[in-house]
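Laboratory data are not the source of any read-out in this text; all were calculated from the coordinates shown. Not measured: the values here are computed from a predicted model. Backbone-built Cβ (ideal geometry, glycine too); neighbour counts: all protein chains shown.
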Amino acid sequence: MTETKTPARGADRAPIPASWDYAPAPEARDIVKIADRYGLFIGGKLVEPLSRQRYTTLDPSREEPLAEIAQAGKADVAKAVRAARDAYTKTWSKLRPSERAKYLFRIARILQERSRELAVLESLNGGKPIRESRDVDLPLAAAHFFYYAGWADKLEYAFPGRTPRPIGVAGQIIPWNFPLLMLAWKIAPALAAGNTVVLKPAETTPLTALVFCDVVRQAELPPGVVNVVTGDGRTGAELVASDGVDKIAFTGSTEVGKAIQRAVAGSGKRLTLELGGKAANIVFDDAPLDQAVEGIVNGIYFNQGHVCCAGSRLFVQESIADAVITKLKRRMSTLRVGDPLDKNTDVGAINSKTQLDKIRALVESGVAEGAEIYQPPCRLPERGYWFAPTVFTNVAQSYRIAQEEIFGPVLSVLTFRTPEEAVEKANNTPYGLSAGVWTEKGSRILAMAARLRAGVVWANTYNRFDPASPFGGYKESGFGREGGLHGLEPYLRLEPR
Amino acid sequence: MRRVQVRKTHKLFIGGAFPRSESGRTLVVEGANVARASRKDLRDAVRIARQAGAGWSGATAYNRGQVLYRLAEMMEARRGALAAACRGKDEVDRAIDRVVWYAGWADKLAQVIGSANAVAGPYFNFTVPEPTGVVGIVAPAEPALLGLVSRLAPPLVGGNTVVVIASDAHPIAAVELAECVATADVPPGVVNILTGLRGELAPWLAGHMDVAGLDLAGADGDAAELERLGAENVKRIVRGKADEQSPYEIAAFLELKTVWHPVGF
């Protein structure tokens, strides 16, 4: 767009453009070599699936196939679990903790060294903007390994009065929104604590996990310590049901989490669940509004809203509602939606057709129930899965868009008058993963933080993550923590001293 | 002249009061008529426990510690009655000492279980433990008193409110303990104790959507089914040991909350 205004001052000056458009700034994709087909990573080798079944993984921004992926069956999962058990009993549990640590440090370093390649691949396979994979996913994934590496030989200091022991083989099932980062959240603490793992990446985003297998190879990790089985929910169900698994760690939807909790009932398997959310982001009338608007945008449009802790319910104090909504709409109009590999892109592609359909259905329900929809003018690419950043005003608590997790770039705005009302409304959900509070008043921050039933509370910030910071839910958002000292506990048996 | 003893009516303990079962039913156990709680009694107890949650979790840790210590005082004063309901004085002594031990944890949990977290950025970041909510306890049969106290004290000191299904086989210890709780300044509704048939009550406790945590110490063949029912609202479920004492028993019914705030002038 290059409309020009008449120069305001001085005819000698060049005309001032009314707006500047960005030139395309695509990250080169040739740094990534994608194989035509991938096997399963079992016992340190990529092997053909016994199931002989495969499916195609896509680039969601173009709907183009990227590679053929193995659909692991029951026998494949059993084989991976046996490999993990072998590695546990024969090598990993016999290794000195300080040696275990060094393997994890190696992985952290290799992830840093290969971060550009992995960031591009993450954006290709998942649809997320390269700016996010490059600046968030990759640095945090490496940091996670670095953080837990240091714990491996210090476990006896973590739990007073207890002797920590590894559990054995952990089965880990991760989602598609932060594929490599979730892998790091799962594998790093498990290995640091002395366990071996069988990891199942999400059906739509297996590629960075498969390249991670090459990282494992480069680190010369003993075979079988990390095993990766790809496939859809059936593969996950086989892993959950496997007798050889001592612990299940799952990140994903609340619905599947409940099914897993039912499936392991009575088995004695340890379980941690990191499930859905419908976070309240609460803005008080004394908040710094421009900063809050940035936080709101980051809270819901980060990673296309494919974030379990996304600030998907915005509660604005009534007196400033109009001002906040005006600023928010103006800010939304500057969001750049498009090519995930373009370094200027703010909002990338929706991860899959299934997810796009789900978002569309919920947005339609919002319109049908009477909410007012706003989407900034933006041209969406013709191919691929796209959804414009969306905000709903005039939303009632009972609407589906205020109750259900959309997992897309869709914000519902509600209002409140008093702090008590904000707390009441914010907590009125079966979820309890995260919350945001925006106010300049310190005592109010602490009072709100204490009363919000959520595992993470961001005050005057949103969507911050760090390996040292425990993350996890209250209520139906799951149990167990990932990150920090508390993230070790799910992978240890704490025996009386 | 021989004096005729004044016997006790063994009732339920709900909301700080001692009602009979709304169903009017009783059981004969351990030589006494004991109230046989109904599903309705259980639902009432959960509702009242939930209402009591705000006050108890909002009380200062120091206050909760003192209330638990007061419970130990009341148990000490009723040693005879408690001893008659379990294996004897030794078990009572251990139960009382256990309550004192847990009482002291109330204001130390945040320091031992919480943390300040060194994140890579200009943020102040800390993690604090908070109570889970209403915890349902299926009490172990043996040791009748010590087992019950070992399961009850940890969620209580952590700030949860509890609904206990007493052991079918040894409910009298639970009734005696309820009478100690009633005089120990424990706010009404924070502890609720139901006697009756476990098989009749436990599935409704496990499936109740307002119960957030479940200790299945006293379950056996029904444990898997109760765990399955508990998944409906993602309950935190443990199968506690009847004679265990550690801060990790408390942690089983604590949520960890992490708070971030930017640092800057």
Using Cα-only point scatterers and the Debye equation, what is log10 of I(q)/I(0) for chain A at each q in 0.09, 0.10, 0.11 Å⁻¹, rounded to two decimals? -0.63, -0.77, -0.92
Taking the range A:280-466 as the region of interest, what is the percent of Cα-Cα pairs per 5 angstrom bin, listed from the shortest bin to the one with the maximum distance? 1, 8, 18, 22, 21, 15, 8, 4, 1, 0
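By how many nm would the segment from A:Lys353 to A:Arg336 lengthen if fully extended, with 0.36 nm per residue of separation less the alpha-carbon distance? Please report the intermediate quantities before stating the final value.
On the way: separation 17, 0.36 × 17 = 6.12 nm, distance 2.11 nm.
Between A:Lys353 and A:Arg336, full extension yields 4.0 nm more.
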Straight-line reach only, C-alpha to C-alpha below 20 angstrom: list the lysines that A:Lys425 could link to, leaving out same-chain residues fewer than 8 apart. A:Lys278, A:Lys475, B:Lys257
Identify all aspartates and glutamates with a Cα-Cα distance to B:Lys11 below 19 Å; exclude those on the same chain that are fewer than 8 residues away in sequence. B:Glu22, B:Glu30, B:Asp41, B:Asp44, B:Asp168, B:Glu176, B:Glu179, B:Glu200
Other chains near B:225-232: what is the mean number of their Cβ atoms within 10 Å of each residue's Cβ? 5
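Need one word for the range A:201-253: rounded, prolate or oblate. Basis is the Cα gyration tensor (sqrt eigenvalues a ≥ b ≥ c); a/c below 1.5 gives rounded, then a/b vs b/c decides. Write down the numbers at each step before the final one.
Numbers: a/c = 2.47, a/b = 1.36, b/c = 1.81.
Since a/c reaches 1.5 but b/c is at least a/b, the shape of the range A:201-253 is classed as oblate.
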Descending packing, highest mean Cβ count within 10 Å first, for B:220-228, A:79-87, B:243-251 is A:79-87, B:243-251, B:220-228
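Need one number: the % of Cα-Cα pairs in the range A:181-283 sitting beyond the 15 Å mark. Numbers along the way, then the final one.
On the way: 3458 of 5253 pairs.
Value for the range A:181-283 (Cα pairs over 15 Å): 66 percent.
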Distance check, please: which entries in A:Lys33/A:Lys329; A:Lys102/A:Lys247; A:Lys441/B:Lys108; A:Lys102/B:Lys241; A:Lys94/A:Lys258 exceed 32 angstrom between their Cα atoms? A:Lys33/A:Lys329; A:Lys102/B:Lys241; A:Lys94/A:Lys258
Over what distance in Å are the Cα centres of the range B:80-145 and the range B:214-236 separated? 20 Å
Between the range A:401-462 and the range A:69-138, the alpha-carbon center distance in angstrom: 34 Å
Those residues of the range B:33-76 whose amide nitrogen sits under 20 Å from the label point placed on B:Gln5, 7 Å along Cα→Cβ: B:33-35
Can you find, among A:Phe250, A:Val283, A:Thr57, the residue farthest towards the positive end of the dipole of chain A? Put +1 on the C-beta of Lys and Arg, -1 on that of Asp and Glu. A:Phe250
Selection from A:Val363, A:Ala459, A:Gly384, by position along the positive dipole direction of the range A:280-466 (Cβ): A:Gly384
Going residue by residue through the range A:264-271, the Karplus relation 6.51 cos²θ - 1.76 cosθ + 1.60 with θ = phi - 60° gives ³J(HN,Hα) values, rounded to whole Hz and with x marking Gly or Pro, of 8, 3, x, 7, x, 5, 6, 9
Each residue of the range A:77-86 in turn: what ³J(HN,Hα) in whole Hz from Karplus with 6.51, -1.76, 1.60 and θ = phi - 60°, glycine and Pro shown as x? 4, 4, 5, 5, 5, 5, 4, 5, 5, 4
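List A:Asp137, A:Asp30 from most exposed to least, where exposure is judged by having the fewest other Cβ atoms within 10 Å.
Numbers: A:Asp137 27, A:Asp30 6.
Exposure proxy ranking, most exposed first: A:Asp30, A:Asp137.
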Dimensions (Å) - the range B:162-258, Cα atoms, principal axes, largest first: 37, 34, 26
At q = 0.13, 0.23, 0.26, 0.28 Å⁻¹, the log10 of I(q)/I(0) for the range A:34-77 from a Debye sum over equal Cα scatterers comes to -0.31, -0.76, -0.88, -0.95
If r is the Cβ-Cβ distance from B:Lys89 to B:Ala116 and R0 is 51 Å, what FRET efficiency results, to the nearest 0.05? 0.70
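As a footprinting exposure proxy, order A:Thr57, A:Thr163 by other Cβ within 10 Å, with the fewest listed first.
Details: A:Thr57 23, A:Thr163 13.
Taking fewest neighbouring Cβ atoms as first place, the list is A:Thr163, A:Thr57.
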What does the charge count around A:Asp137 come to, taking other residues whose C-beta lies under 10 Å from its C-beta (Lys +1, Arg +1, Asp -1, Glu -1)? -1
Starting from the amide H of B:Phe126, placed 1.01 Å from N in the peptide plane, find each other amide H under 5 Å away whose residue is 5 or more places distant or on another chain. B:Asn117, B:Val259
Which value results for Rg/Rh of the range B:7-46 when Rg is the Cα radius of gyration and Rh the Kirkwood radius based on the inverse mean 1/r? 0.97
Estimated FRET transfer efficiency when R0 is 25 angstrom, pair A:Asn344-A:Lys33 (beta carbons, to 0.05): 0.45
Under unit Cβ charges (Lys, Arg +1; Asp, Glu -1), what dipole magnitude, rounded to 20 debye, does the range A:280-466 have relative to its Cα centre? 260 debye
Two decimals is fine: what's Rg over Rh for the range A:416-474, C-alpha atoms, Kirkwood radius as Rh? 0.96
If one takes the longest principal axis of the Cα atoms in chain A, at what angle in degrees, from 0 to 90 and to the nearest 10, does the Cα axis of helix A:289-301 lie? 50 degrees
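So which GluC sites (Glu not before Pro) in the range A:149-243 are both in a DSSP loop and have at most 12 other Cβ atoms within 10 Å of their Cβ?
Working: sites: A:Glu156, A:Glu203, A:Glu220, A:Glu238; in loops: A:Glu203, A:Glu220.
Loop-located and lightly packed - A:Glu220.
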For the range B:26-262, count the residues as N, evaluate 2.2 N^0.38 Å, and divide the Cα radius of gyration by that value, please. 1.01
Among B:Ala85, B:Tyr62, B:Leu229, which residue has its Cα furthest toward the positive end of the charge dipole of the range B:26-262, with +1 on Lys/Arg Cβ and -1 on Asp/Glu Cβ? B:Tyr62
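Provide the FRET efficiency to the nearest 0.05 for the A:Ala23-B:Arg43 pair, computing r from the beta carbons and using R0 = 60 Å.
Numbers: r = 65 Å, r/R0 = 1.09.
Using R0 = 60 Å, I get an efficiency of 0.40.
To one decimal place, what orientation-averaged projected area in nm² is obtained for the convex hull of the Cα set of the range B:3-122? Don't skip to the answer; put the middle values down first.
On the way: hull surface 47.6 nm².
Value for the range B:3-122: 11.9 nm².
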Restricting attention to the alpha-carbon atoms of the range A:161-215, what are Rg (one decimal) and Dmax (integer), both in Å? 12.4, 44
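If you put +1 on each Lys and Arg Cβ and -1 on each Asp and Glu Cβ, how big is the dipole of the range B:26-262 around its Cα centre, in Debye rounded to 20? Mind dumping the intermediate values first?
Working: 23 positive and 28 negative charges, 87 e Å.
Charge dipole of the range B:26-262: 420 debye, to the nearest 20.
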